[in-house]
Amino acid sequence: MRREIVCLLCAEVLLRRVMETAYIGDNIKFVNGKSKRNSGCDRCSNFVLYGKRCTAVSMWSDTVGIPYGPWEEEYLFVIEEEVEELGEA
Ligand SMILES: [Zn+2]
């Protein structure tokens, strides 16, 4: 599983890109919330400050690597969750 904390802009870009390049069995989960710490976006130079909106992104495969396990609540106050199963025919 790959995991990233990203700003809202990067979350949108990431979703679009992953939709285009995914393999069968790939999954991506977006958890939207408010940051529990002062940090930065893992993809760009935007700050992700305490209390600000951000997205926790998990990417994993059904067939290889480490499966999904919850981790998001360590980093953000959860508002909503969304799972996309990608690579469908
Ligand atoms: Zn960003």
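Rule-based calculations on the coordinates, nothing more; no lab input. Just so we're clear, the structure is a prediction, and the values are computed from it rather than from any experiment. Heads up, the Cβs are rebuilt from the backbone with ideal geometry, glycines too, and the neighbour counts pull from every protein chain shown.
Here the simple spin-label model places points 7 Å from the Cα toward Cβ, and for Tyr23 and Tyr50 these points are separated by 4.2 nm. Every helix of 4 or more DSSP H residues in the chain counts as -39500 (n - 2.57), and over all residues that averages to -5000 deg cm²/dmol at 222 nm.
Among Cys10, Cys44, Cys54, the ranking by other beta carbons within 10 Å of each residue's beta carbon, starting with the fewest, stands as Cys44, Cys10, Cys54.
Quick one: plug the Kirkwood hydrodynamic radius of the chain (C-alpha pairs) into Stokes-Einstein at 20 °C, 1.002 mPa s, and report D in µm²/s. Each step should come with its number before you reach the end.
Numbers: Rh = 13.2 Å.
Reported coefficient: 163 µm²/s.
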